[in-house]
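Beneath this line is the structure, given in structure tokens, with notes to follow.
The values are calculated or read from the model by the stated rules, or taken from the named source; none is laboratory data. Computed from a prediction, not measured in an experiment: that's the story for all the values here. FYI the Cβ positions are ideal-geometry reconstructions off the backbone, even for glycines, and counts take in every protein chain you see.
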């Protein structure tokens, strides 16, 4: 009986360890996916901001170019600020894209597994557990009969 209980205990511990490892792997995968998704979102936002700044730059410069007023364009106060903002946004985009590439290259490919093999292992484990439960019930019945 002690051997039987030890087998049940071992089976439960192995199942728990497997579930714990799978949960840890999923947690790591979800963390990588979340960071990657956040970076992609940030890149889109930065590109939209850059596009708006580029449009504003065009709207600012165009009237001066129509009038061939190059001196007024050189003296325009916000022109240099817009150009600096656009450069800064492009640098942020480049950094975010490099970080995204780093995440993609760091994450090792997940090994493919045979789903049918995993199902077969689960079925075998379920059968073992059911057999052991049935043995426990039989032992309990035998103990009850001896007590009567």
Determine if segment 99-114 includes at least one residue that is at pLDDT 90 or above and not in a helix (DSSP H, G or I). no
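Listed here are the residues, each with its yes/no results for (1) within 42 Å of the chain's Cα centre (by Cα); (2) touching a residue at least 40 places away in the same chain (Cβ under 8 Å).
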{"position": "56", "(1), (2)": "yes, no"}
{"position": "73", "(1), (2)": "no, no"}
{"position": "78", "(1), (2)": "yes, no"}
{"position": "84", "(1), (2)": "yes, no"}
{"position": "115", "(1), (2)": "yes, no"}
{"position": "135", "(1), (2)": "no, yes"}
{"position": "140", "(1), (2)": "no, no"}
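Of 21, 48, which residue is closer than 30 Å to residue 135 by Cβ and part of a helix (DSSP H, G or I)?
From the options 21, 48, the qualifying one is 21.
Is it true that some residue in segment 22-32 is out of contact with any strand residue (DSSP E or B) (no Cβ under 7 Å at 6 or more places or on another chain), closer than 25 Å to residue 122 by Cα and touching a residue at least 12 places away in the same chain (Cβ under 8 Å)?
Checking segment 22-32: at least one residue is out of contact with any strand residue (DSSP E or B) (no Cβ under 7 Å at 6 or more places or on another chain), closer than 25 Å to residue 122 by Cα and touching a residue at least 12 places away in the same chain (Cβ under 8 Å).
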Considering (1) surrounded by 10 or more Cβ atoms within 10 Å (Cβ to Cβ); (2) assigned to a loop (DSSP other than H, G, I, E, B), say which one residue 68 fails and leave the rest. (1)
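Quick check on this structure: which one of 23, 19, 37, 30 is within 30 Å of residue 139 (Cβ to Cβ) and either in contact with a helix residue (DSSP H, G or I) (Cβ under 6 Å, 6 or more places away or on another chain) or exposed (fewer than 12 other Cβ atoms within 10 Å of the Cβ) (or both)?
That would be 19, the only listed residue that is within 30 Å of residue 139 (Cβ to Cβ) and either in contact with a helix residue (DSSP H, G or I) (Cβ under 6 Å, 6 or more places away or on another chain) or exposed (fewer than 12 other Cβ atoms within 10 Å of the Cβ) (or both).
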